[in-house]
Amino acid sequence: MAQENLPKAELFDIGIWKRCSKCREIKPLSEFHHQKGRPYERQSVCKKCNNEKTNNWRKKNLERYKQQQKKKGYKLKYKITLAMVAALVAKQNYKCAICQLVCAWSPQPNPPGAKNFLCVDHDHATGKVRGMLCNSCNNGLEKFKDDPALLLAAIRYLNAVAARPIDAR
């Protein structure tokens, strides 16, 4: 007998349907997230109810959620911990490694006069962390493709035009 022809109760019995423990609705297994060790390898709460629960928790715990995401992001993207980033920030005295501007770093209270945020600078080829930069300097390096030759060419250009400004009239 094809699955389409089976009554819903029989589909439930053979593990194609499942009842959500929150909304109590019977739904197809595809409406439940995977979880090893659970019956049918699925969570007991459907995706819709799980999303509502998660969104409510996020709203009530916004700062904690942001911290968790930041911590997870450092670990995934740069393979470093939040503590390692905090040590880098402290070592640089909350200053950008290039322009020396005093910057804020979100897990800590903002230092007096902070006008910009520090972000992790890393080598795009190796993935290794190089230091902490303000948004402007980090974006600047990105625009020059982290290429020292391009940066030196830009410096030569700026020095040359500063010495002999062009009259645009």
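For the condition under 30 Å from residue 139 (Cβ atoms), out of contact with any Asp or Glu (no Cβ under 7 Å at 6 or more places or on another chain) and modelled with pLDDT of 95 or more, what is the one hit in 98, 80?
Of 98, 80, the one residue that is under 30 Å from residue 139 (Cβ atoms), out of contact with any Asp or Glu (no Cβ under 7 Å at 6 or more places or on another chain) and modelled with pLDDT of 95 or more is 98.
Quick check on this structure: which one of 125, 154 is in a helix (DSSP H, G or I) and without any contact (Cβ under 8 Å) to a residue 40 or more places away in the chain?
Testing whether each residue is in a helix (DSSP H, G or I) and without any contact (Cβ under 8 Å) to a residue 40 or more places away in the chain leaves just 154.
Are there helices (runs of 4 or more DSSP H) fully within region 44-91 with at least 2 residues that are hydroxyl-bearing (Ser, Thr, Tyr)? List them.
62-78
Checking residue 64 against (1) more than 17 Å from the chain's Cα centre (by Cα); (2) basic (Lys, Arg); (3) not assigned by TED's automatic domain parsing to the domain that holds residue 132, which single condition isn't satisfied?
(1)
Only one of 149, 104 is out of contact with any helix residue (DSSP H, G or I) (no Cβ under 8 Å at 6 or more places or on another chain) and exposed (fewer than 15 other Cβ atoms within 10 Å of the Cβ); which?
149
The values are calculated or read from the model by the stated rules, or taken from the named source; none is laboratory data. Values in this document were obtained by computation on a predicted structure and should not be read as measured data. Ideal geometry is used to build each Cβ from the backbone, glycine not excepted, and the neighbour counts take in all protein chains shown.
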